[in-house]
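*Asks:* Please find one structure pasted underneath; my questions will follow.
The values are calculated or read from the model by the stated rules, or taken from the named source; none is laboratory data. Predicted model only: the values in this text are computed from it and were never measured. Heads up, the Cβs are rebuilt from the backbone with ideal geometry, glycines too, and the neighbour counts pull from every protein chain shown. For the accessible areas, the whole protein counts, side chains as well, though only heavy atoms, and no ligand, DNA or RNA atoms are used. Shrake-Rupley method; radii C 1.70, N 1.55, O 1.52, S 1.80 Å.
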Amino acid sequence: MRENIQQSVRTHDILLPMVGVDLPEPHGQQREVVYLTAQGHLVVLGTAGSGKTTMAVHRARYLAGAPGIGGPTLLLTFNRALVTYLRSVGARAPRLTVESYHKFALGYLSSVTGRPVYVCKIKEALVEKALTEVRATTQRAVASRPLAFFLDELHWMAGHGVTAEDIYLNGVPRIGRGTPLAPADRAVVYQVYRRYLELRATSGLSMDWDDVASHVLEHLKTDARARRYRHIVIDEGQDFTPEMIRSLAAAIPQDGSLTFFGDYAQQIYGSRMSWRSLGLSVSNTVEFEQNYRNSRQIARLAQAMSEMSHFRDEVDLVAPRTPTADGPPPTIVTAVSKAEQLRLAAAYANGLAADRRVAVLMRTRDQETTLKRYLDPRHQHYRIHRELQSWPQGPGVFYGTYSAAKGLEFDSVILPLCDAEELPKPSEVAAHGLEEAMAREARQLYVAVTRARSELVILRSGPLTPLMPDAVSDLFHRLAS
């Protein structure tokens, strides 16, 4: 079986393996973005594989060092593993700092208070306690929704700066919920929120990870000190909340710049939004349609996924231009069981890892230990996670979740557990309903698919996830184990 799949992917492959992670040089319109005005707000939207990270790093380096207009520059991304990756591909220069948003935010707050800042790390437990108390006082059906629903709603409230009771209860419009919450249901949610704040205060804490950005913004409004950074560049900006972006806009001086790179098709952290809700002063946006990463066959699948009914909504999506690089069609492998899927995924990865960077990606971390047991110790293999201190060079096997691989790319990607009963994740369906869960989970899977440069293998034991086009379509090559 391993020989069959290797033959299938290699006989069509004309892309060179990416054995290193050197940052490519920008070209064409990419170079224009790097050298755009160094003052004000700039939004750059691009499809997957359009080189947004390449542009972000080059622009940050340019802004840090350009004579006259340059100055201390901050390159931010949401994912800590991606911070490590950015540093590995050349995001190093005098006056350039690369951080996650929360590291920047806590550092700023410490500079204001003159002492370490502590964040509530038991939010889930406190919200659960608040919910239990509220359930005892109401008959509203919304109170029986899972804890994950309330955590998501409180995340949305904090991320959008909508925490005043009258504003929240009056029905602030939001993208992505099929049926808006009735005012009486919002009142129940707000009861949980208010009780959570009381419990948190009793613990001696004034903020959690979700509302750190609001604290930063409030301090910056009255902070008369010179700004630490003249320029801020944001990579993977679609996963920053509006409050995060507002705080960053307030963190630059009048003669500084804020450059936002994003792709709303890849928005995976919480509910969806448009960059138009961020409060930036943008006269126009720059869009990139060209996909430089994926083969034509993988890009066709990603495009078909983005055109499915559950994927479409009001956010700004950039329609990609079909790449010219050729490769094998994405391969669907039907295994006899989920355990066999993991064994086969490792076997395929072992067979490709001698000269390739191969990723095995799953929706959750639940099966990582099982997968690791099957990986060949003769090849390098790495777990993609937030504590990575350096980014591995050369070929090998990487494994982790879809979200951990955000912003990264690999020669080959293997996706086990793409069964209908696994995706969308059942807990997401329970928390948000099928329609909204499909929309959210489709973006997670889209991110996983578009990590692959030239080879994509999808495994299942039963019916294929409805987040992908029908398994019998001409988008796929099909194999049985």
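*Asks:* Considering GLY90, GLY68, GLY49, which residue is in contact with a His (Cβ under 9 Å, 6 or more places away or on another chain), farther than 28 Å from THR222 by Cβ and part of a loop (DSSP other than H, G, I, E, B)?
*Replies:* Being in contact with a His (Cβ under 9 Å, 6 or more places away or on another chain), farther than 28 Å from THR222 by Cβ and part of a loop (DSSP other than H, G, I, E, B) holds for just one of GLY90, GLY68, GLY49, which is GLY90.
*Asks:* Go through the range 95-209 and tell me which helices (runs of 4 or more DSSP H), entirely inside it, have 1 or more residues that are under 23 Å from ALA439 (Cα atoms).
*Replies:* 147-159, 183-202
*Asks:* How about the range 86-122: which of its residues are among the small types (Gly, Ala, Ser) and open to solvent by less than 10 Å² (accessible area, probe 1.4 Å)?
*Replies:* Hits for the range 86-122 are ALA91, ALA105.
*Asks:* With the requirement that a residue be among the small types (Gly, Ala, Ser) and in contact with a Gly (Cβ under 9 Å, 6 or more places away or on another chain), what does the range 183-214 give you?
*Replies:* Passing the criteria: ALA213, SER214.
*Asks:* Another one. Between GLY433, GLY394, which is among the small types (Gly, Ala, Ser), touching a Gly at 6+ places or on another chain (Cβ under 9 Å), modelled with pLDDT under 95 and over 30 Å from GLU99 (Cα atoms)?
*Replies:* GLY433
*Asks:* Please specify each residue of the range 71-85 satisfying the condition of being open to solvent by 20 Å² or more (accessible area, probe 1.4 Å) and outside any loop (DSSP other than H, G, I, E, B).
*Replies:* Once the filter is applied, which keeps residues that are open to solvent by 20 Å² or more (accessible area, probe 1.4 Å) and outside any loop (DSSP other than H, G, I, E, B), the range 71-85 yields ARG80, TYR85.
*Asks:* Assess whether TYR348 counts as being in a helix (DSSP H, G or I) and among the aromatic types (Phe, Trp, Tyr).
*Replies:* Answer is yes for this residue.
*Asks:* Would you tally the residues in the range 20-70 being under 22 Å from the mean Cα position of the chain (by Cα), of a type in the set (A, V, I, L, M) and open to solvent by 10 Å² or more (accessible area, probe 1.4 Å)?
*Replies:* So the answer is 2.
*Asks:* Next question. Can you name the residue in the range 79-110 that is farther than 25 Å from PHE410 by Cβ and without any contact (Cβ under 8 Å) to a residue 24 or more places away in the chain and, of all such residues, is nearest to the chain's Cα centre (by Cα)?
*Replies:* Of everything passing the filter in the range 79-110, LYS103 is nearest to the chain's Cα centre (by Cα).
*Asks:* Something else now. Taking the options LEU388, LEU375, name whichever one is over 16 Å from ALA452 (Cβ atoms), surrounded by 16 or more Cβ atoms within 10 Å (Cβ to Cβ) and free of Cβ contacts under 8 Å to residues at least 60 places away in the same chain.
*Replies:* Among LEU388, LEU375, only LEU375 is over 16 Å from ALA452 (Cβ atoms), surrounded by 16 or more Cβ atoms within 10 Å (Cβ to Cβ) and free of Cβ contacts under 8 Å to residues at least 60 places away in the same chain.
*Asks:* On the given criteria, is GLN30 part of a helix (DSSP H, G or I) and modelled with pLDDT under 85?
*Replies:* no
*Asks:* Just checking, which of THR222, THR285, THR241 is closer than 23 Å to LYS123 by Cα, open to solvent by 10 Å² or more (accessible area, probe 1.4 Å) and either of a type in the set (Ser, Thr, Tyr) or at pLDDT below 95 (or both)?
*Replies:* THR241
*Asks:* Where residues in the range 138-176 are charged (D, E, K, R) and within 19 Å of the chain's Cα centre (by Cα), which of them is surrounded by the most Cβ atoms within 10 Å (Cβ to Cβ)?
*Replies:* Result: GLU153.
*Asks:* Now a separate question. Give the residue, chosen from ARG194, ARG227, that is among the charged types (D, E, K, R) and either touching a strand residue (DSSP E or B) at 6+ places or on another chain (Cβ under 7 Å) or within 23 Å of LYS123 (Cα to Cα) (or both).
*Replies:* One residue alone meets the criteria, ARG194.
*Asks:* Something else: Among the candidates ALA347, ALA405, which residue alone is of a type in the set (Gly, Ala, Ser), open to solvent by less than 40 Å² (accessible area, probe 1.4 Å) and in contact with a strand residue (DSSP E or B) (Cβ under 9 Å, 6 or more places away or on another chain)?
*Replies:* ALA405
*Asks:* Take ARG365 and decide whether it is charged (D, E, K, R), more than 27 Å from the chain's Cα centre (by Cα) and more than 13 Å from ILE414 (Cβ to Cβ).
*Replies:* No; evaluated as a whole, the condition is false for this residue.
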